[in-house]
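Here's the structure, in structure tokens; my notes come after.
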Amino acid sequence: MLSLPLFLMTTVAFSPQPDISVEVIEGKSSSNIVFFAPHENESLANDYLANKISQTMGRFVILKQNGKRTISLDIRLPNKEPSSVNIDPNRIFTPLGRAQNINKLNPQLSKQPKIFKAAKQKAAELSAFILQHLQLKKNSTLVATHNNTNGFDFDGKGGEGTVSIIRYQKKLDSGARFLSEVFQGKDDEDDLFYLTEQTDFEHYKKDGWNIVLQNPLVITDPSEDDGSLSVYAQKNKIRYINIETERKSEQGGRDHLEEKKKMIDYVLSKP
């Protein structure tokens with residue numbers, strides 16, 4: 001729970017399933033910048049960001065349910081036992097991405113088409129609920145906040161996870177089509193910006209950050225549509241920035257709290 005006065009934060013339940021909700025923090029003045037935390041277990045610097053927004057401008061939306069990375073959808077059909085369907089809430093913002101996401105996390109549903117269909121519908125409703133509270137416009141800047149783990153799987157150094165500027169470079173070098181450019185700057189490999197705008201890439205590169213630029217072909221190539229907010233934003237011509245920093249896990253690493261604060265401040269300084 002954020003350490004904010006209650007009058008500065010609004011909690012809104014998702015009416016089809018009220019154990020899912022969003023916390024919304026509003027700034028003192030309106031702004032085109034909107035921050036979003038889709039994974040509840042990736043909360044490093046959320047307090048800092050919420051207080052920053054509440055004292056200045058902008059909007060910060062946090063998705064909540066059970067403290068985990070995934071969201072559990074409660075699916076109830078007539079004459080059927082209730083089913084729990086897991087989804088990654090950052091993979092529900094396009095129809096294709098929703099279907100892939102549900103299939104990946106719930107392979108048993110390949111033999112349960114009615115539950116699969118109901119889960120897709122509820123995921124679409126959750127996507128619309130989130131977007132309603134993000135209140136995005138064509139001139140908005142959407143900033144996602146994420147945390148990752150130290151290094152990456154099979155890096156030869158005991159790393160874990162899938163996010164690292166080194167891994168992104170390896171993926172680009174091996175022909176990953178969803179990437180346009182990667183630049184390794186001065187910081188730890190796990191602290192990076194993922195961007196959709198070429199002009200942002202050039203500015204951030206000049207200032208020495210680790211940065212990844214998404215390829216705009218995700219707009220038209222179904223094989224690169226994973227349903228993520230970055231894909232949704234690019235399809236809808238909305239400026240998108242993702243702040244990624246390392247957090248401590250059971251396998252090691254440390255919380256890059258100060259690094260994330262600096263990255264948040266940098267984004268806010270360049271509206």
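Looking for something among the hydroxyl-bearing types (Ser, Thr, Tyr) and without any contact (Cβ under 8 Å) to a residue 24 or more places away in the chain - is there at least one such residue anywhere in the stretch 106-128?
As a first pass, look at the stretch 106-128 and keep what is among the hydroxyl-bearing types (Ser, Thr, Tyr): 110, 127.
Applying the additional criterion that residues be without any contact (Cβ under 8 Å) to a residue 24 or more places away in the chain yields 110.
For the stretch 106-128, residues among the hydroxyl-bearing types (Ser, Thr, Tyr) and without any contact (Cβ under 8 Å) to a residue 24 or more places away in the chain: present.
Here's the yes/no breakdown for (1) in a loop (DSSP other than H, G, I, E, B); (2) modelled with pLDDT of 95 or more; (3) crowded, with 17+ Cβ neighbours inside 10 Å:
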{"site": "THR11", "(1), (2), (3)": "no, yes, no"}
{"site": "GLU40", "(1), (2), (3)": "yes, yes, yes"}
{"site": "PHE60", "(1), (2), (3)": "no, yes, yes"}
{"site": "ASN66", "(1), (2), (3)": "yes, no, no"}
{"site": "LEU73", "(1), (2), (3)": "no, yes, yes"}
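Given the conditions (1) among the polar types (S, T, N, Q); (2) in a loop (DSSP other than H, G, I, E, B); (3) in the same structural domain as PHE14 (by TED's automatic domain parsing), and given that ASN79 satisfies all but one, which numbered condition is not satisfied?
Only one criterion in (1) among the polar types (S, T, N, Q); (2) in a loop (DSSP other than H, G, I, E, B); (3) in the same structural domain as PHE14 (by TED's automatic domain parsing) is unmet by ASN79, namely (3).
Looking at LEU179, LEU213, LEU192, which is the one that is in contact (Cβ under 8 Å) with a residue 40 or more places away in the chain and either in contact with a strand residue (DSSP E or B) (Cβ under 7 Å, 6 or more places away or on another chain) or not aromatic (Phe, Trp, Tyr) (or both)?
LEU192
Which members of the stretch 42-58 meet the condition of being touching a helix residue (DSSP H, G or I) at 6+ places or on another chain (Cβ under 9 Å) and either assigned to a loop (DSSP other than H, G, I, E, B) or touching a residue at least 60 places away in the same chain (Cβ under 8 Å) (or both)?
Scanning the stretch 42-58 gives LEU44, ALA45, TYR48, LEU49, LYS52, THR56, GLY58.
Would you confirm, using the coordinates I've provided, whether ALA119 is crowded, with 22+ Cβ neighbours inside 10 Å, assigned to a helix (DSSP H, G or I) and touching a helix residue (DSSP H, G or I) at 6+ places or on another chain (Cβ under 7 Å)?
Values: crowded, with 22+ Cβ neighbours inside 10 Å: yes; assigned to a helix (DSSP H, G or I): yes; touching a helix residue (DSSP H, G or I) at 6+ places or on another chain (Cβ under 7 Å): yes.
So ALA119 fits the description; yes.
What are the residues in the stretch 13-38 that are out of contact with any Gly (no Cβ under 8 Å at 6 or more places or on another chain), surrounded by 15 or more Cβ atoms within 10 Å (Cβ to Cβ) and part of a loop (DSSP other than H, G, I, E, B), if any?
PHE14, GLN17, ILE20, PRO38
Within the stretch 184-231, how many residues are part of a helix (DSSP H, G or I), small (Gly, Ala, Ser) and surrounded by 17 or more Cβ atoms within 10 Å (Cβ to Cβ)?
Of the residues in the stretch 184-231, 1 are part of a helix (DSSP H, G or I), small (Gly, Ala, Ser) and surrounded by 17 or more Cβ atoms within 10 Å (Cβ to Cβ).
Out of the residues in the stretch 42-58 that are among the polar types (S, T, N, Q) and touching a Leu at 6+ places or on another chain (Cβ under 8 Å), which is modelled with the highest pLDDT?
Here the residue is ASN46.
Give the residues of the stretch 6-24 that are within 20 Å of the chain's Cα centre (by Cα), more than 21 Å from ALA233 (Cα to Cα) and aliphatic (A, V, I, L, M), sorted by residue number.
VAL12, ALA13, ILE20
Please work out which residue is surrounded by the fewest Cβ atoms within 10 Å (Cβ to Cβ), limiting yourself to the stretch 151-183 and to residues that are polar (S, T, N, Q) and either assigned to a strand (DSSP E or B) or within 19 Å of the chain's Cα centre (by Cα) (or both).
Looking at residues that are polar (S, T, N, Q) and either assigned to a strand (DSSP E or B) or within 19 Å of the chain's Cα centre (by Cα) (or both), I get THR162.
The values are calculated or read from the model by the stated rules, or taken from the named source; none is laboratory data. The structure displayed is predicted, hence computed values, not measured ones. All Cβ positions, glycine included, derive from the backbone under ideal geometry; neighbour counts span all protein chains shown.
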